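To start, the structure itself, in structure tokens.
FYI, it's all coordinate maths here, none of it is from the lab. What you see is a predicted model, and the numbers here were worked out from it, not measured in a lab. Note that each Cβ is placed from the backbone with ideal geometry, even for glycine, and that neighbours are counted across all protein chains shown.
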Amino acid sequence: MKTLRVVLLLIGFAILGALTPVTKAQTAAGAGSPSNDALSPRLSPSHPQLDLVYRRPTEKAKLRNYFFDTFGPYPIIGAAIVGGINQAYKTPPEWGQGMGAYGERVGSNFGIAMVTTTTRYALAEVFREDTMYYRCECTGVGPRFGHALISTVTARRGEDGHRVLSFSALVAPYAGSMAAVYGWYPNRYGVKDGFRMGNYTLLAFAGINIVREFVHGGAGRLMGRFSHSAATETEAATQP
């Protein structure tokens, strides 16, 4: 039963991952846009191939992304989906059943997500990390799958965007779960439960990245509007 619950949680997060914006691993010089739609690898034969360079997002773009990732529609939808799964499995059982209990579970999941996202962005700012997901420039299922997994625990750093082990990506999932355990979960929950919940969150992030890497669709194009807004600011800041 516990395994089934974990699978359902991953499915819920994977659905959200299909709806969130992604960026290519590199951006075209002079274009400066991390929007997926603006970074197609297919170039017209009549145009010379552009040099691909990494562009760090501006502070304004990162702040906009933070508020969207924390208080936008998808954290709310995610909290509602996972809250429904928790309700079905009566987790935690002390909260009972009914609409009141469901609302408590939804609020709990939203709180966990808010702490997780805030921790990730705050630590990324301290350590000068770019934790946005950049789709792999490679080809083949294996390399792309590996890229999605490694991106779960790594980030871009420096002006050249070299990849490093990300302290913020490793700590954030456990910060959210520990906040729930010691903040509003029943007293019987402890550090082991927080660590277990954090493991599930980290695993869910890996599933989200896999969906981001391989799934293309209308939802991604819809979210591309938001990505393009942040990308425009980056472009304006990098133009001579």
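Just how many % of Cα pairs in the range 49-113 lie over 16 Å apart, if you round to the nearest whole percent?
Working: 1175 of 2080 pairs.
Here the tail beyond 16 Å accounts for 56 percent of pairs.
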Protection proxy ranking, peptides 142-154, 103-115, average beta carbon neighbours within 10 Å, highest first: 103-115, 142-154
CYS138 versus MET99: modelled label distance in nm, points set 7 Å from Cα along the beta carbon direction: 5.0 nm
Local electrostatic count at TRP95 - Lys and Arg +1, Asp and Glu -1, tallied over other residues with Cβ under 10 Å: 0
Summed residue charge, Cβ within 14 Å of PHE110's Cβ, Lys/Arg positive, Asp/Glu negative: -1
12 Å beta-carbon shell around ALA155, net charge (K/R +1, D/E -1): +3
Relative pair counts by distance (%), Cα atoms of the range 104-210, 10 Å bins: 15, 41, 29, 12, 2
Inter-site label distance for TYR89 and PHE145 at 7 Å from Cα along Cβ, in nm: 2.4 nm
